[in-house]
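Q: Sharing a structure with you now.
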């Protein structure tokens with residue numbers, strides 16, 4: 001569905017709801033919206049089949065949709081489509097690869113662990129069972 005293309009784009013108004021509409025059959029959609037009670041049905045034919053994002057950008061530059069309200073509606077739809085287009089991408093943060101430890105550093109860690117273990121064993125108190 002992401003690569004679906006359309007031949008016609010326009011703006012419809014139903015009461016307080018203004019929406020951008022995409023279709024391939026302008027006549028059918030205009031009849032459908034006017035029968036449904038739309039107070040405005042402005043459609044234009046695109047110069048070629050376009051995706052929704054391409055059609056919105058074309059529509060934003062078209063002379064029929066230059067009113068501030070139309071431009072705001074189109075800008076909202078463009079922002080939504082761009083956000084939706086990046087929805088499936090994953091950002092990966094690349095960190096520097098750690099250097100492999102040297103033999104000396106491994107031996108030093110082993111000695112440190114041995115010293116810590118012997119210190120804990122020397123200061124550790126043994127629990128005596130309580131007899132009653």
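What follows draws every value from the coordinates through simple rules; no lab data is involved. Everything numeric here is computed off the predicted structure, so don't read it as measured data. For neighbour counting, all protein chains shown are included, and Cβ atoms are generated from backbone atoms with ideal geometry for every residue, glycine included.
Q: Quick one: helix 103-123 against the long Cα principal axis of the chain, what's the angle to the nearest 10°, folded into 0 to 90?
A: 60
Q: Give the angle, between 0 and 90 degrees and rounded to the nearest 10, that separates the Cα long axis of helix 52-61 from the longest principal axis of the Cα atoms of the chain.
A: 60
Q: Between 0 and 90 degrees, rounded to the nearest ten: what's the tilt of helix 26-35 against the longest Cα principal axis of the chain?
A: Rounded to the nearest ten degrees, it is 90.
Q: A follow-up question, please. Under a plain spin-label model, where a point goes 7 Å from the Cα along Cα-to-Cβ, how far apart in nm are residue 92 and residue 53?
A: About 2.1 nm separates the two model spin labels.
Q: Still on this structure, I have one more. GNM on the chain, C-alpha springs below 10 Å: top fluctuator among 99, 61, 75?
A: So, out of 99, 61, 75, the one fluctuating most is 99.
Q: Apply the a/c threshold of 1.5 to the C-alpha gyration tensor of the chain and tell me whether it is rounded, prolate or oblate.
A: Note, shape of the chain comes out prolate.
Q: Which length gain, in nm to one decimal place, applies between residue 18 and residue 113 when the Cα-Cα distance is subtracted from 0.36 nm times their residue separation?
A: 27.2 nm
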